[in-house]
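Data block below; observations after.
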Amino acid sequence: MSSIKIQKICCIGAGYVGGPTMSVIADKCPDLEIRVVDINKERIDAWNDSDLNKLPIFEPGLDRIISRTRGRNLFFSTEMEKSISDADMIFISVNTPTKTKGLGAGQASDLSWVEASARQVAKYAKGHTIVIEKSTLPVRTAQAIKEILKTTDKETQKNEISKTFSVLSNPEFLAEGTAINDLEKPDRVLIGGEDSDSIDALVKIYLNWVPYEQIICTNLWSSELSKLAANAFLAQRISSINSISAFCEATGADVQEVAKAIGTDKRIGNQFLSAGPGFGGSCFKKDILNLVYLSGYFGLPEVANYWNQVVVLNTWQQDRIYKIVLEKLFGTVNGKNIAILGFSFKANTNDTRESPAIRISSDLLEEGAILSIYDPKVTFERIEEDFEKFSFNNQGIWKMANSIPEALKNVDAVLILTAWDEFFGLDWNYLASLMRSPAWVFDTRSVVNRQEIDNTGVNLWKLGAVSYTHLRAHETVLDVVCRLLLEKK
Ligand code: UDX
Ligand code: UDX
């Protein structure tokens with residue numbers, strides 16, 4: 001076991017990854033003192049708010065852990081210098097968005113924040129420090145971090161007798177909405193590095209709650225690439241099932257039935273086979289584009305094209321949904337009222353990064369629709385910021401609704417984009433009475449049952465299934481398919 005004793009940890013970046021990850025480590029290792037630092041003071045103030053409803057991120061179970069660790073062995077602050085210099089181990093968990101300008105714009109990751117963090121570590125660290133990449137990074141970034149750590153400024157060199165570093169990669173596999181469970185019961189913990197003493201020091205921390213067999217140690221580059229590859233494989237499954245959803249709509253098959261049928265094959269497995277409006281979140285698109293960029297860089301254009309298609313299909317799925325709404329509403333939504341149920345990129349998070357709702361809503365607004373948006377956790381300010389960033393020619397008007405009935409009042413259509421629990425089992429008899437006829441429900445997340453909508457007079461379009469208005473009295477879905485095929489001839 002490691003000869004390095006870890007007592008104090010610092011994490012740079014108090015975001016969706018840094019916050020929950022450090023909270024769980026603090027909870028599982030009461031003997032460690034953990035400081036989470038961030039340049040954003042407002043965010044740190046929110047982490048320190050006595051009202052746990054005001055934590056900067058919503059994550060089921062997080063408030064419970066914060067209430068027992070914060071102030072005990074978990075601290076949030078903006079005090080970068082002292083937190084770094086006191087630490088034996090530093091996690092870098094800052095954001096790495098896709099570059100918007102310069103070489104690799106639109107594909108490569110912007111590593112400015114990682115570089116800035118590494119420079120601060122180089123400047124303030126004392127003694128031996130283990131530096132850990134938590135952010136998802138392009139393969140071989142660890143090398144760049146190592147280079148930066150070697151170059152401490154002259155002033156520091158003068159005063160310091162010895163300052164040494166070892167760099168590890170320890171990518172995070174948590175999914176938002178289930179982050180606490182994913183951290184407490186991870187499928188695996190991945191640690192990449194070259195220095196076995198430092199690896200052991202990190203392994204020892206995880207052994208407080210993760211079985212030894214689930215801790216995988218690899219070389220640095222395998223660890224970095226595994227994170228990109230895992231996200232690319234997951235996203236690829238979603239694009240695959242989404243491509244099949246369009247096929248189902250065209251042929252009369254039902255995507256849920258198909259997903260069940262193929263998912264029972266153990267080799268395929270049943271996870272990540274829910275068709276929907278496309279994947280969102282801060283990772284999938286960014287990581288695939290990164291893989292595409294790196295494949296091109298390393299002279300592998302076929303590999304680049306292969307992965308790029310996963311992103312192309314994802315955007316196509318969102319465009320397709322918007323066009324279907326338009327088509328069903330007689331080719332125009334100008335001046336029509338449409339309710340959007342769910343704006344976060346998935347249920348159980350207030351995160352909207354890359355949410356399909358942004359593109360779909362923007363397209364509808366550009367066509368002149370009037371949107372009333374309801375989401376149990378996403379704020380007005382967040383949506384306003386998302387629309388501003390997603391520059392488009394906004395012709396429409398949007399407002400927030402405080403409840404589902406408020407959102408549906410007088411609307412011509414409702415578009416369900418996130419599978420929040422409260423959208424299941426709604427009283428469609430009552431809700432239909434609030435809507436304007438002929439009313440449409442566009443369900444992209446399979447939250448509505450056909451039976452719930454029966455006799456309400458509402459039309460139902462369900463992603464990956466036959467459109468409900470096609471059904472005539474006493475017809476089965478099979479009858480409809482045969483009739484549609486005959487009609488097509
Ligand atoms: C994480 C990972 O780090 C990223 O690589 C992964 O792909 C997505 O998840 P996340 O925690 O979701 O990022 O990002 P975010 O919620 O934006 O948090 C990052 C935090 O770092 C922000 O609060 C930001 O203020 C902070 N930051 C950024 C610093 O403290 N210092 C910097 O120099 C830059
Ligand atoms: C993902 C990875 O799962 C996680 O391991 C990594 O660390 C970060 O990126 P996250 O983006 O938080 O996590 O959520 P995830 O549950 O993977 O969902 C991503 C997107 O895919 C969401 O928009 C979700 O709605 C969509 N999705 C997921 C589907 O459309 N269908 C599915 O079957 C699963």
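Worth pointing out:
- Restricted to helices (runs of 4 or more DSSP H) entirely inside region 356-449, those with at least 1 residues that are farther than 13 Å from residue 339 by Cβ are 356-366, 380-389, 428-434.
- Meets criteria (touching a residue at least 40 places away in the same chain (Cβ under 8 Å), over 15 Å from residue 8 (Cα atoms), away from ligand 1 (no atom under 12 Å from the Cβ) and among the small types (Gly, Ala, Ser)) for residue 108: yes
- Among residues of region 450-466, those that are within 18 Å of residue 417 (Cβ to Cβ) and part of a loop (DSSP other than H, G, I, E, B), counted: 4
- Residues of region 239-259 classified as among the hydrophobic types (A, V, I, L, M, F, W, C) and open to solvent by 50 Å² or more (accessible area, probe 1.4 Å), total: 3
- Taking region 126-192 and the strands (runs of 3 or more DSSP E) fully enclosed by it, the elements with 1 or more residues that are more than 16 Å from ligand 2 (Cβ to nearest atom), touching a Leu at 6+ places or on another chain (Cβ under 8 Å) and modelled with pLDDT of 90 or more are at 127-133, 163-169.
- The residue that is nearest to ligand 2 (Cβ to nearest atom), counting only those in region 23-41 that are open to solvent by 10 Å² or more (accessible area, probe 1.4 Å) and in contact with a Lys or Arg (Cβ under 8 Å, 6 or more places away or on another chain), is 27.
- Odd one out for residue 259, checked against (1) in a loop (DSSP other than H, G, I, E, B); (2) within 15 Å of ligand 2 (Cβ to nearest atom): (1)
- Residue list for region 269-326, filter: within 16 Å of ligand 1 (Cβ to nearest atom) and not in a helix (DSSP H, G or I): 279, 280, 281, 282, 283
- Test: residue in region 289-308 that is within 12 Å of ligand 2 (Cβ to nearest atom) and at pLDDT 95 or above: no
- Among residues of region 225-237 that are part of a helix (DSSP H, G or I) and open to solvent by less than 50 Å² (accessible area, probe 1.4 Å), those with a beta-carbon under 6 Å from a residue that is of a type in the set (Val, Ile, Thr) and away from ligand 1 (no atom under 14 Å from the Cβ) at least six positions away or on a different chain give the pairs 235/310; 236/310.
- Residues satisfying the stated conditions in region 399-416, i.e. under 9 Å from residue 439 (Cβ atoms) and open to solvent by 10 Å² or more (accessible area, probe 1.4 Å): 412
- Filter result for residue 345 (within 16 Å of ligand 2 (Cβ to nearest atom), in contact with a Ser or Thr (Cβ under 9 Å, 6 or more places away or on another chain) and open to solvent by 20 Å² or more (accessible area, probe 1.4 Å)): yes
- Whichever residue in region 60-104 is open to solvent by 50 Å² or more (accessible area, probe 1.4 Å) and among the hydrophobic types (A, V, I, L, M, F, W, C) and, among such residues, is farthest from ligand 1 (Cβ to nearest atom): 103
- Near pairs, Cβ below 8 angstrom, 6+ apart or cross-chain, from region 19-46 (within 14 Å of residue 61 (Cα to Cα)) to any residue that is within 15 Å of ligand 1 (Cβ to nearest atom) and hydroxyl-bearing (Ser, Thr, Tyr): 21/93
The values are calculated or read from the model by the stated rules, or taken from the named source; none is laboratory data. Worth saying up front: this structure is predicted, and the values here are computed from it rather than measured. Glycine gets a Cβ as well: all are built from the backbone with ideal geometry, and neighbour counts include every protein chain shown. Please note that ligands, DNA and RNA were not included when accessible areas were found on the heavy atoms of the full protein model with its side chains. Shrake-Rupley method; radii C 1.70, N 1.55, O 1.52, S 1.80 Å.
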